[in-house]
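Trainee: This is the structure, below, for whatever I ask next.
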Amino acid sequence: MRDKLVVGNWKMNGGLKQNDALLGTLRAEWNAPAGRRLAVCVPSPYLFQAQAALSGSAIAWGAQNVSDRDAGAFTGEISAAMVAEFGCRYAIVGHSERRTLHGESDATVAAKASAALKAGLTPIVCVGETLEEREAGSTESVVTRQLGAVSAALGSKLAAIVLAYEPVWAIGTGRTATPQQAQDVHRLLRSRLAAADATATDVLVLYGGSVKADNAKALFRCPDIDGGLIGGASLKADEFLAIARA
Ligand code: PEP
């Protein structure tokens, strides 16, 4: 049995005061049921705060992005080693907002996943098709291509990632994939993981895209869905905790 992992992606939201309240409630109320794991990926300026608020608790924390480079003249970038110094367990890489708004290619995402692993972080690698790609029947080829770039770069380290299937048309739109639509892609991704590396069969594959407390249970019940990457709903403690317990 694989654990269920629920990860909050705060995106570019938060502030010292709000974060204190949210992190404090999560810490006080998360009782870590067996087989359930919880994490929050916060904006990098708040990693120190997340570390202070969550150290010693059952809740992990992480970054939302890292550079593919180690160090040097890359103004504004933040390296994986830097965020690792704040006790992060995870780093999201290849979120569709990074791919679309910041032009990150499959190769860049793969290099970021490598950089995260090198710094001792678990990369949460996001893949997913746009609405146009789904309607053109390209979902399978798109996610296979995106995962293929990561698997080619990581080789036998592929087993150390967390994978997140996030259909772009479902992110922040209120339009969730049906459990069957999500399960079909998750089953495909699991078979691609197994084909790429025999040790990668137990990689956790999370679903992301408008997950809420009232649709999480039906999604997480699917055999190849190992939890969720949660955007908007991770900013409300009660909603996020309800998803984590679903
Ligand atoms: C996300 O940002 O990864 C995400 C899934 O967002 P939302 O839950 O708001 O759709």
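Trainee: Report the residue count in segment 1-47 for those that are part of a loop (DSSP other than H, G, I, E, B), polar (S, T, N, Q) and closer than 15 Å to residue 243 by Cα.
Mentor: Looking only at that region, the number is 1.
Trainee: Moving on to the next point. Restricting attention to segment 135-175, and to residues there that are assigned to a helix (DSSP H, G or I) and among the basic types (Lys, Arg), which single residue is surrounded by the fewest Cβ atoms within 10 Å (Cβ to Cβ)?
Mentor: Residue satisfying both the conditions and the ranking: 145.
Trainee: Let me ask you something else. Tally time: how many residues in segment 103-133 are surrounded by fewer than 20 Cβ atoms within 10 Å (Cβ to Cβ) and under 22 Å from residue 210 (Cα atoms)?
Mentor: Number of matching residues: 4.
Trainee: Looking only at segment 48-101, count how many residues are surrounded by fewer than 17 Cβ atoms within 10 Å (Cβ to Cβ), away from the ligand (no atom under 16 Å from the Cβ) and assigned to a helix (DSSP H, G or I).
Mentor: 3
Trainee: So for segment 145-156 (the condition being of a type outside the set (S, T, N, Q) and within 16 Å of the ligand (Cβ to nearest atom)), does at least one residue qualify?
Mentor: no
Trainee: Filter segment 202-219 down to residues that are under 15 Å from the mean Cα position of the chain (by Cα) and away from the ligand (no atom under 13 Å from the Cβ) and give me whichever is surrounded by the fewest Cβ atoms within 10 Å (Cβ to Cβ).
Mentor: By that ranking, first place goes to 204.
Trainee: Just need a number here: residues in segment 30-47 that are more than 21 Å from residue 95 (Cα to Cα) and loosely packed, with under 13 Cβ neighbours inside 10 Å.
Mentor: 5
Trainee: Something else: Which pairs have Cβ atoms under 6 Å, sit 6 or more apart or on different chains, and link a residue in segment 104-126 that is in a loop (DSSP other than H, G, I, E, B) to one that is surrounded by fewer than 24 Cβ atoms within 10 Å (Cβ to Cβ) and not small (Gly, Ala, Ser)?
Mentor: Partner pairs satisfying both residue conditions: 104/98.
Trainee: Next question. Condition first: part of a loop (DSSP other than H, G, I, E, B), among the charged types (D, E, K, R) and either touching a Ser or Thr at 6+ places or on another chain (Cβ under 9 Å) or modelled with pLDDT under 95 (or both). Can you find one or more residues in segment 179-191 that meet it?
Mentor: No: segment 179-191 contains no residue that is part of a loop (DSSP other than H, G, I, E, B), among the charged types (D, E, K, R) and either touching a Ser or Thr at 6+ places or on another chain (Cβ under 9 Å) or modelled with pLDDT under 95 (or both).
Trainee: Let me ask another. Residue 198 versus (1) touching a helix residue (DSSP H, G or I) at 6+ places or on another chain (Cβ under 8 Å); (2) more than 16 Å from the ligand (Cβ to nearest atom); (3) more than 20 Å from residue 128 (Cα to Cα); (4) not charged (D, E, K, R): which is the lone unmet condition?
Mentor: (1)
Trainee: Considering only residues of segment 7-27 that are surrounded by 18 or more Cβ atoms within 10 Å (Cβ to Cβ) and either without any contact (Cβ under 8 Å) to a residue 24 or more places away in the chain or polar (S, T, N, Q) (or both), which is nearest to the ligand (Cβ to nearest atom)?
Mentor: 9
Trainee: Moving on. I'm trying to understand the selection: among the residues of segment 162-188, which are touching a Phe, Trp or Tyr at 6+ places or on another chain (Cβ under 8 Å) and either within 11 Å of the ligand (Cβ to nearest atom) or closer than 18 Å to residue 214 by Cα (or both)?
Mentor: 164, 165, 166, 175, 177, 182, listed by residue number.
The values are calculated or read from the model by the stated rules, or taken from the named source; none is laboratory data. The structure presented is a predicted model; accordingly, all values stated were derived computationally and were not measured. Here the Cβ is made from the backbone with ideal geometry for all residues, glycine too, and neighbour counts use every protein chain on show.
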